[in-house]
1. Is there a residue being within 16 Å of the ligand (Cβ to nearest atom), modelled with pLDDT of 85 or more and surrounded by fewer than 19 Cβ atoms within 10 Å (Cβ to Cβ) anywhere in the stretch 198-212?
2. Go over the candidates Arg102, Arg134 one by one and state the one that is modelled with pLDDT under 75 and among the basic types (Lys, Arg).
3. Filter the stretch 199-220 down to the residues that are over 20 Å from Asp253 (Cβ atoms) and acidic (Asp, Glu) and list them by number.
4. Could we say that Leu334 is more than 16 Å from the ligand (Cβ to nearest atom), at pLDDT 95 or above and under 21 Å from the mean Cα position of the chain (by Cα) here?
5. From Phe417, Phe422, grab the single residue that is within 16 Å of the ligand (Cβ to nearest atom), closer than 30 Å to Ile368 by Cβ and crowded, with 20+ Cβ neighbours inside 10 Å.
6. Working only within the stretch 473-490, note down all residues that are more than 15 Å from the chain's Cα centre (by Cα) and modelled with pLDDT of 90 or more.
7. Within the stretch 285-298, can you find the residues that are within 13 Å of the chain's Cα centre (by Cα) and either modelled with pLDDT under 90 or within 8 Å of the ligand (Cβ to nearest atom) (or both)?
8. Can you pull out every residue in the stretch 453-466 that is out of contact with any Pro (no Cβ under 7 Å at 6 or more places or on another chain) and without any contact (Cβ under 8 Å) to a residue 60 or more places away in the chain?
Amino acid sequence: MSKVATQSHAAANSPGGTCYKVLMWEDGALSPAQLEAWQTARRDLLARMRDAGIKGARGTLAKLGEALRELSAESIARPLDTCAAAGLSLTRVGALAAKLQREDAVLAYRLTPCSATVLAELVGEEGIDTLVSRWAASTPELQWCATPLVEAISPAEAAEWQESCRAEAAGCGADTEADEDFSGTAPFHHVTVLRTEAVEALQPAEGRVLVDATLGGGGHSELMLEHGATVWGIDQDPAARKAARKRLAAYGDRMHIVAGNFRNAAELLRGEGLETVDGILADIGISSPQVDQAERGFSFLAEGPLDMRMNPGAPRSAADIVNTAAESELADILWQYGEERASRAIARRIVQERAKAPITTTTQLADIIASVLPRKGKQHPATRSFQALRIAVNDELGALDALLESGLGLLKSGGRFAIITFHSLEDRAVKRYFDRVTRPEIDRPEWPAPRPNPEYAARLVTRKPIVAGEAELAANPRARSAKLRVIEKL
Ligand SMILES: C[S@@+](CC[C@H](N)C(=O)[O-])C[C@H]1O[C@@H](n2cnc3c(N)ncnc32)[C@H](O)[C@@H]1O
């Protein structure tokens, strides 16, 4: 079973300067014979490249460069992956992950139990060799190979590799993925999705009062404010509120920040003296910093406490669920919120393991899941289970339902309600609710004729969901599963 952890700091630092891809591995992971064969073939290719360079034979040079890469992939990277598949735990190289996350130069990395591939962009005085020696020295418990593979690559290639790390980290199922955007360790960096589309749907203008029910880093709020609107931003995460407060300070008393869960939006706003507003936006899900910070416990890629609470004051963490829920409840959570087909087997293994010792960390749980579920394709076996637990811990679908039920009541006539979702469970809930309140009539087979719909209160602004355009998708692949639906109160 292959065990790989990836992390990308893509959103915070996009490659622009001199980039290097460094593959380091533990001594012993490759046999002396494998290393010898690789070095001989490499020396030969490098000599031929030198000759081609002297002759100015660019085409040959490019072909040899490609052959050199293939050689490294076949002789080094692939055997290392095979070694990783031996069933070892990632915890061993986990210590390196903690160090790499703090490195400015590191854009992304991919770890296996016996190797690390690190994408770095030189940002300071240190050369690549010094950097690599420092990373190796920071984990003296591991015996790193003396001569790691260091490749200079173009910013475009770096961006592509960084993106593949992100895709791997986030899993690739469009619907069931854990909606993770592994952006940098910068104080609060979240790339706003469907920024213009969502904000323009609310028709922001001077004098209009809008609610951003998922304030996050304030990306949508900022654009609403730029258009002259007054904004009330709600978030249950103190870190998000703090970041948004700082970012939006310049807008003075047009920006109001409210702590709380949007499931109570009506009560929260009433408490602030607001009865009705002109628009409500909810950009459902978690923010990048919530996933990035290992101590929040959302990511299976970095060692952290098994927490996953968006609101750190909420009563139940992921560890509470994992260590106390009945096996059948665990299986239901994994199946309903993660659409995890191996839900029962995973729940059974969790119960067996927690009988030996409590499951307290993200990587401990990820390893348990991976011991049940063989890795297939790019998606980490823990992706769906982590998504499921996160949804359960934060009762995300319950909160969404409550917001849907209360939203129209908060809107003035002509007010708009816009919701961005990232997976089918959420989108289904929004679609059903919007459908329910925008049908003038309802019909049932047993009725002789359709009857007026007592819930009819809004019109669909667009029949189909709005999705990200090509430019946004190219810049932010996380947007690929985003769907924006908008209704207008009659
Ligand atoms: C996807 S981020 C929003 C990002 C924001 N639109 C931006 O552009 O920066 C979602 C945010 O909503 C918050 N959130 C999620 N569910 C919530 C809930 N039920 N009540 C309040 N805040 C919630 C999360 O803490 C997170 O900060």
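1. Of the stretch 198-212, the ones within 16 Å of the ligand (Cβ to nearest atom) are 198-202, 204, 210-212.
Narrowing the set further to residues that are modelled with pLDDT of 85 or more leaves 198-202, 204, 210-212.
If we keep only those that are surrounded by fewer than 19 Cβ atoms within 10 Å (Cβ to Cβ) as well, we get 200.
Yes, the conditions are met somewhere in the stretch 198-212.
2. Exactly one of Arg102, Arg134 is modelled with pLDDT under 75 and among the basic types (Lys, Arg), namely Arg102.
3. Across the stretch 199-220, the qualifying residue is only Glu200.
4. Values: more than 16 Å from the ligand (Cβ to nearest atom): yes; at pLDDT 95 or above: yes; under 21 Å from the mean Cα position of the chain (by Cα): yes.
Against the criterion (more than 16 Å from the ligand (Cβ to nearest atom), at pLDDT 95 or above and under 21 Å from the mean Cα position of the chain (by Cα)), Leu334 qualifies.
5. Phe422
6. If the condition is that a residue be more than 15 Å from the chain's Cα centre (by Cα) and modelled with pLDDT of 90 or more, then Lys483, Leu484, Arg485, Val486, Ile487, Glu488, Lys489, Leu490 are the ones that fit.
7. Listed by number, the residues that qualify are Gly285, Ile286, Ser287, Ser288, Pro289, Gln290, Val291, Asp292, Gln293, Ala294.
8. First pass over the stretch 453-466, keeping only residues out of contact with any Pro (no Cβ under 7 Å at 6 or more places or on another chain): 454-455, 457-466.
If the condition is that a residue be out of contact with any Pro (no Cβ under 7 Å at 6 or more places or on another chain) and without any contact (Cβ under 8 Å) to a residue 60 or more places away in the chain, then Pro454, Glu455, Ala457, Ala458, Arg459, Leu460, Thr462, Arg463, Lys464, Pro465 are the ones that fit.
The values are calculated or read from the model by the stated rules, or taken from the named source; none is laboratory data. Just so we're clear, the structure is a prediction, and the values are computed from it rather than from any experiment. For neighbour counting, all protein chains shown are included, and Cβ atoms are generated from backbone atoms with ideal geometry for every residue, glycine included.
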